[in-house]
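Worksheet for the structure shown next.
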Amino acid sequence: MNWRLLSVLDKDAALLDEASLPEGATVHLCDVLPLSQGRRLAFPLPSATAMMLSSSRQAHEAARVHLEHPSLRRELGGVVYFASNESALDCCEHLIASVISAYTALECFANEWVPAWVTYKHFKKGSQEFVLLDKEEIERSLNLREKLAVVLPYSFQKSGPKGTQAWEAFVKLEKLRNRIIHMKEADRRESDSETDTLWKAIFAISAPHRTAKKIIDHFLDGCPYIPGVQYDKLLPVRPRWHVEYPCKD
């Protein structure tokens, strides 16, 4: 019954013969993965959004263990050091993982809630010519900002997050994610305390999983929760993972 599972239906909600299910049984969607020696693994499908959000949160919490070490609090106004070089690099790895996972969670969320029946009129840059994109093409061709600012507000029939503090935090997260993915040599050299570098940006970012969750909350808060249903009268239904999310932040 883990909250990250894509779908857990009790026998009252599942469209199955109840007589074939034992008392208290649940139904999990699975993918069958081939293993060695002819074995097959029944892998319970996760909600990709929930799993990546969880990954981002866990990575950020792992980084905090290093950032809260007493060695970083010894000198007020002076230079401080991590407990070890290993600790410094582990912390940075965790922060990078948290950023990438949080951004991926938003990509998963945006693509999940592009309705299958929607087409999108996409204008070519600097032109009045346009092409009609279906769901698959929207997922593949539009950038995340456009999905969150234009497509999802239509899907959820509510205003988009642009202009909110959550959106400002998302823009910062996206810029940092792009700097990490397209890392330039000049962006990762040694510098003084005033010069902007990728490392300064990584250590300065606020909790990435919270940024992603606030964007998701903007759309899902207020949606009804109906077990086993994704849409109700063509409007999105709040997924189970969002109801059972284990953190208050």
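The values are calculated or read from the model by the stated rules, or taken from the named source; none is laboratory data. Everything numeric in this text was worked out from a predicted model, so none of it was measured. Cβ atoms come from the backbone with ideal geometry, glycine included; neighbour counts cover every protein chain shown. These accessible areas exclude ligands, DNA and RNA; they are computed on the full protein's heavy atoms, side chains included. Shrake-Rupley method; radii C 1.70, N 1.55, O 1.52, S 1.80 Å.
Which of the strands (runs of 3 or more DSSP E) contained wholly in the stretch 26-71 include at least 1 residues that are free of Cβ contacts under 8 Å to residues at least 60 places away in the same chain and either within 19 Å of ILE202 (Cα to Cα) or touching a Phe, Trp or Tyr at 6+ places or on another chain (Cβ under 9 Å) (or both)?
Values: elements: 26-28, 30-34, 40-44.
Counting at least 1 such residues, we get 30-34.
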Those residues of the stretch 105-115 which are within 11 Å of the chain's Cα centre (by Cα) and open to solvent by 50 Å² or more (accessible area, probe 1.4 Å) amount to GLU107
Could you list, in sequence order, the residues of the stretch 196-249 that are in contact with a Lys or Arg (Cβ under 6 Å, 6 or more places away or on another chain), open to solvent by 20 Å² or more (accessible area, probe 1.4 Å) and modelled with pLDDT of 95 or more? CYS223
Number of the exception - SER54 against (1) modelled with pLDDT of 95 or more; (2) loosely packed, with under 12 Cβ neighbours inside 10 Å; (3) among the hydroxyl-bearing types (Ser, Thr, Tyr): (2)
Going residue by residue through the stretch 76-97, is there one that turns out to be surrounded by 10 or more Cβ atoms within 10 Å (Cβ to Cβ), in contact (Cβ under 8 Å) with a residue 60 or more places away in the chain and within 20 Å of TRP241 (Cα to Cα)? no
Could you check, for the stretch 41-50, whether at least one of its residues is open to solvent by 80 Å² or more (accessible area, probe 1.4 Å), modelled with pLDDT of 95 or more and within 20 Å of the chain's Cα centre (by Cα)? no
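So, in the stretch 72-114, how many residues would count as being in a helix (DSSP H, G or I) and more than 30 Å from LEU144 (Cβ to Cβ)?
Going through the stretch 72-114 one residue at a time, the tally reaches 6.
Among the residues of the stretch 116-131, is there at least one that is open to solvent by less than 10 Å² (accessible area, probe 1.4 Å), in contact (Cβ under 8 Å) with a residue 24 or more places away in the chain and either part of a loop (DSSP other than H, G, I, E, B) or closer than 30 Å to ALA59 by Cα (or both)?
Step one: of the stretch 116-131, the residues open to solvent by less than 10 Å² (accessible area, probe 1.4 Å) are none.
Within the stretch 116-131, none of the residues are open to solvent by less than 10 Å² (accessible area, probe 1.4 Å), in contact (Cβ under 8 Å) with a residue 24 or more places away in the chain and either part of a loop (DSSP other than H, G, I, E, B) or closer than 30 Å to ALA59 by Cα (or both).
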Among (1) under 16 Å from VAL99 (Cβ atoms); (2) in contact with a helix residue (DSSP H, G or I) (Cβ under 7 Å, 6 or more places away or on another chain); (3) in a helix (DSSP H, G or I), VAL151 falls short only on (1)
Any idea how many residues of the stretch 154-177 are over 12 Å from ILE215 (Cα atoms) and open to solvent by less than 20 Å² (accessible area, probe 1.4 Å)? 4
